[in-house]
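Values in this text are rule-based calculations from the coordinates and carry no lab data. Not measured: the values here are computed from a predicted model. Every residue, glycine as well, gets a Cβ built from its backbone with ideal geometry; the counts of neighbours run over all protein chains shown.
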Amino acid sequence: MIKFETPNGSIIDEPNANDLRKNMIDNFPDYWHQGTGAAAISRFDNEKCKQELLILPSDEYGIYLKYLIVKNGRVVDEWLSLEDPSRLDTCAECSYEWYASVGLFLPIEKAWITINEFLISGNRSNQIDWIKPEEMPDDGNW
């Protein structure tokens, strides 16, 4: 089962990838100027395990993705999209009062490839680089 939580908090079961692309990418950044300005896609293996992709946009820098595996309500694995390691010490707002390192933001088309792959497989894409939170510099944020 797949659930998509929109920036305004509504839930869409089994979202259509073409509709998501039209909203998230083709209507970028306007789509993100509602609600919290962030979204999430969750894929449920069962009641106790899910993969989640948090989608956090910036008008200026693109889209930052955060991949989580949650078991029994606990995050057991966490990865952050990585575009530019040299810009991890500079932060920008990416949704309502959430700040992330600029180096984590992907160009929107690159982000879409990763989002679409997650919709299909529930896995982290190998089309982009990822970093673990503990690898972030002290002055970075995620």
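Over 20 Å apart at the Cα level, from the set Lys71/Lys132; Lys22/Lys71; Lys3/Lys71, are Lys22/Lys71. In this structure, Lys48 and Ile120 have a Cβ-Cβ separation that, at R0 = 25 Å, corresponds to a calculated FRET efficiency of about 0.65. Taking a ≥ b ≥ c as the square roots of the eigenvalues of the Cα gyration tensor, the chain is classed as oblate, since a/c reaches at least 1.5 and a/b does not exceed b/c.
Could you pull out the GluC sites (Glu not before Pro) across region 11-80 that fall in loop regions by DSSP (anything but H, G, I, E, B) with no more than 11 other Cβ atoms inside 10 Å? Loop-located and lightly packed - Glu47, Glu60. Quick one: net charge of Asp89's neighbours, Cβ under 12 Å, K/R +1, D/E -1? Once positives and negatives cancel, what remains is -2. Here the Karplus relation 6.51 cos²θ - 1.76 cosθ + 1.60, evaluated at θ = phi - 60°, turns the backbone of region 98-105 into coupling constants of 10, 10, 9, 4, 4, x, 8, 7 Hz, with x for every Gly and Pro. Taking a Cβ cut-off of under 12 Å around Pro29, the surrounding Lys, Arg, Asp and Glu residues balance to a net charge of -4, with basic ones at +1 and acidic ones at -1.
Note on Asn72 and Asp26: with the Förster distance fixed at 35 Å, the Cβ-Cβ geometry gives a FRET efficiency of about 0.40.
Taking a Cβ cut-off of under 13 Å around Asp77, the surrounding Lys, Arg, Asp and Glu residues balance to a net charge of +3, with basic ones at +1 and acidic ones at -1.
Rounded to the nearest Hz, the phi-derived 3J(HN,Hα) couplings of region 6-18 under the Karplus curve 6.51 cos²θ - 1.76 cosθ + 1.60 (θ = phi - 60°) are 6, x, 8, x, 6, 10, 10, 7, 6, x, 8, 4, 5, where x marks glycine and proline.
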